[in-house]
């Protein structure tokens, strides 16, 4: 079905928001000739979009037109709000199509609230997201709790306003006066709290625009966690102002819980290429799942990292340790599509309910169990990867 003609759906589409480097006059990206990774068979398996729910203003925008042009065969369905789509949100019947929806459905919307929130753990600040949702299907992911039974990617097309808001905030902060656990010198902005920026780069230029923007801001860094290796990001010029945090867990855990993600070994192998391309690379040891043999599995993973990572990666690396957080509603969803995962991550005898910062009740390991496990991970890192400082453990 052809795309309907939204108002303003005409005119040339430019590639991104920034084309010329305002620092040294050279082009921003060193793009190699030939097809990009997002045109590969692997990328098409990740995203084979057949249906796009679009706010009219988002579809008519430059970024929206780019996305629609990328998926010309998709059916486009106008919606009033990217948050209120009855076919997707709150529809229990979608549990049976949990993974398929992630690969075949997109949503286009405009980010209405451009709030920069204080964090202080992984980052100094949480940036207004350029997307929400994910094409991957990790069994423990917290984002679906906010959407209800479906969690496709929502692309926010007003990326220019998001970046302008960040520019004002960065300017208002000025230089960082003293080091903290987030970074010794720069203000760190998490630009992927509810999304995976590496996957988003398969859909639009939003991630590239953020990398370009932060490459110009000498007092700030972008930061995002990812479980997907996207070689297209290597063609940008981050100039050390974007921190990529590759999330890692023992491969057996990942194969059970990290559905549709890049293999853990591939994420580790990619670290050297990203450092060479000008990114800062950290690692999220996350989530740590307590199950029989978990200590040995993490020890083997850390040994593998020590064996294969070059000195250039080790010299700049740091880690976050994040224990598993689960949720009763997500447990119920998972029981309908992936009950084997729940045998590992739903452990009532080890877990307790806890009110999260956003006001929802989650399930976390009991305090004593969690404290003991965190100390075990610290000991394993010290033993097998002493070059890896732990920025924080949660």
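The values are calculated or read from the model by the stated rules, or taken from the named source; none is laboratory data. No experiment lies behind these values; they were computed from the predicted model shown. Cβ coordinates were reconstructed from backbone atoms using ideal geometry, including for glycine residues, and neighbour counts include every protein chain displayed.
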Residues (at pLDDT 95 or above, exposed (fewer than 12 other Cβ atoms within 10 Å of the Cβ) and either out of contact with any strand residue (DSSP E or B) (no Cβ under 8 Å at 6 or more places or on another chain) or not in a helix (DSSP H, G or I) (or both)) located in the range 355-382: 368, 375
Test for residue 177: is it at pLDDT 95 or above, within 25 Å of residue 391 (Cα to Cα), assigned to a loop (DSSP other than H, G, I, E, B) and out of contact with any strand residue (DSSP E or B) (no Cβ under 7 Å at 6 or more places or on another chain): yes
Pairs only if they're at least six apart or on different chains, beta carbon under 6 angstrom, first in the range 366-378 and under 15 Å from residue 302 (Cβ atoms), second in a helix (DSSP H, G or I); list them, first residue then second. 376/295
So, in the range 203-231, how many residues would count as being in a loop (DSSP other than H, G, I, E, B), closer than 30 Å to residue 45 by Cα and in contact with a strand residue (DSSP E or B) (Cβ under 9 Å, 6 or more places away or on another chain)? 4
Conditions (1) surrounded by 21 or more Cβ atoms within 10 Å (Cβ to Cβ); (2) closer than 15 Å to residue 224 by Cβ; number of the one not met by residue 157: (2)
Which of the residues belonging to the range 276-299 are within 22 Å of residue 220 (Cα to Cα) and more than 18 Å from the chain's Cα centre (by Cα)? 276, 277, 278
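Per-residue answers, yes or no, for (1) free of Cβ contacts under 8 Å to residues at least 60 places away in the same chain; (2) at positive phi; (3) surrounded by 20 or more Cβ atoms within 10 Å (Cβ to Cβ):
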residue	(1), (2), (3)
161	yes, no, no
167	yes, no, no
173	yes, no, no
177	yes, no, no
180	no, no, no
185	yes, no, no
188	no, no, yes
191	no, no, yes
194	no, no, no
Read through the list (1) outside any helix (DSSP H, G or I); (2) crowded, with 20+ Cβ neighbours inside 10 Å, then give the number of the only condition that residue 352 fails. (2)
Is it the case, given these coordinates, that residue 198 is closer than 22 Å to residue 289 by Cβ, touching a helix residue (DSSP H, G or I) at 6+ places or on another chain (Cβ under 9 Å) and outside any strand (DSSP E or B)? no
